[in-house]
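The values are calculated or read from the model by the stated rules, or taken from the named source; none is laboratory data. These numbers were taken from a predicted model, which means no experiment stands behind them. Virtual Cβ from ideal backbone geometry, glycine too; neighbours counted across all protein chains shown.
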Amino acid sequence: MHRIPAKPLAAVLGSLVLAGSLTACGGDSGAAEAKTVTVYSADGLKGENGDGWYDRVFKDFEKQTGIKVDYVEGGSGEMVQRALRERSNPQADVLVTLPPFIQQADSKGLLVKYAPQGSGEVAAADKAADGTWTSVVNNYFGFVYNKKELKKAPTTWEELLDAKYREKLQYSTPGVAGDGTAVLVKAMNDFGGKDAALAYLKKLQANNVGPSASTGKLAPKVDKGELLVANGDVQMNFAQSKTMPNLGIWFPARQGGRPTTFALPYAAGLVTKAPHSENGRKLLDYLLGRTAQQQVSEIGGGFAARKDIGATDANATALTHLMDGVQVFEPDWNDIDKNLQTYVDDWKTATNN
């Protein structure tokens, strides 16, 4: 039985410019181009109504520097695959994804070394040892449920096998979405290995609506009652809950066990041969600056990546309370990066996806 070693520890598209400013490769090459920076990012940090962390920091960054942020959003795996397709003529300057896709991007040579200002305050576990990526927002994996329909949150994986969840449960696709891959990672930890996890997920498939490339699209369905349960992550779902009153966050446990989760940070890196690499560096510096980091909980509903940011706002207090009693484990990301395709292929076989 293969076991992952553990150690203690909305789909909104922004402006996309594919002409003019994105035609250069390997460096800034014109006055117009020098005023843009393109970000490929996993969903979750941009608000449904323009009120997310990205919305604020991108606006402030442009005001401070005059550099416009062109934003492209999708699942973590989707963004890495797009960057891979474009590697001979890169279009993105900064790539932001969840693990294990940031490690995948690194291993495929998509990122270059750059230590943003403030990255010295980021814990070693939350940045690459070789300096190719750094977490900008800390986060944890979780699930959501409809508080109006269920009244009480589920507590265990086993509960989700109940017939009342048939066609009322959905999780995003492992290998495509970062949070979807996290379902597989958590199940492998909680059930004690790959085989037991896949045996459970095979049973769960009877209730699963089907694949979803983006986790951010699931929470609105839960809030409306189209779904009763879906996967997500604390930062994204906490932010969404401000405008989705029926959304509740929970962490599955094995029957008789403690609820568990693991860190699932938004990690950012500078793209190899980025068309506007200097602007990419400036944006990474800004994202890890004290002002932007102080706003992570206050505006974004997440956890600051910098250890020296002691947030005391109402959101920070609520997030701390939410994590009470939840056991945090640390996946072996090197193992997952190395064997991800095998794990995903085995999941597809087990669930007939």
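Numbers at a glance
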| read-out | value |
| --- | --- |
| Residues being part of a helix (DSSP H, G or I) and surrounded by 21 or more Cβ atoms within 10 Å (Cβ to Cβ) - total across segment 84-102 | 2 |
| Selection from segment 62-79 of residues that are in a helix (DSSP H, G or I) and surrounded by 24 or more Cβ atoms within 10 Å (Cβ to Cβ) | 76, 77, 79 |
| Residue 19, sole failed condition from (1) at pLDDT below 80; (2) in a helix (DSSP H, G or I); (3) surrounded by fewer than 13 Cβ atoms within 10 Å (Cβ to Cβ) | (2) |
| Number of the exception - residue 66 against (1) over 21 Å from the mean Cα position of the chain (by Cα); (2) on the phi < 0 side of the Ramachandran plot | (2) |
| Matching option when the condition is of a type in the set (D, E, K, R), at pLDDT below 95 and in the same structural domain as residue 268 (by TED's automatic domain parsing), among 70, 126 | 126 |
| Qualifying residues in segment 277-292 (those that are crowded, with 21+ Cβ neighbours inside 10 Å and either in contact with a helix residue (DSSP H, G or I) (Cβ under 9 Å, 6 or more places away or on another chain) or outside the structural domain of residue 46 (by TED's automatic domain parsing) (or both)) - the one farthest from residue 137 (Cα to Cα) | 279 |
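Okay, residues lined up against (1) within 28 Å of residue 41 (Cβ to Cβ); (2) modelled with pLDDT of 95 or more; (3) in the same structural domain as residue 51 (by TED's automatic domain parsing):
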{"position": "187", "(1), (2), (3)": "yes, yes, no"}
{"position": "192", "(1), (2), (3)": "no, yes, no"}
{"position": "200", "(1), (2), (3)": "no, yes, no"}
{"position": "209", "(1), (2), (3)": "yes, yes, no"}
{"position": "217", "(1), (2), (3)": "yes, no, no"}
{"position": "224", "(1), (2), (3)": "yes, yes, no"}
{"position": "230", "(1), (2), (3)": "yes, yes, no"}
{"position": "235", "(1), (2), (3)": "yes, no, no"}
{"position": "242", "(1), (2), (3)": "yes, no, no"}
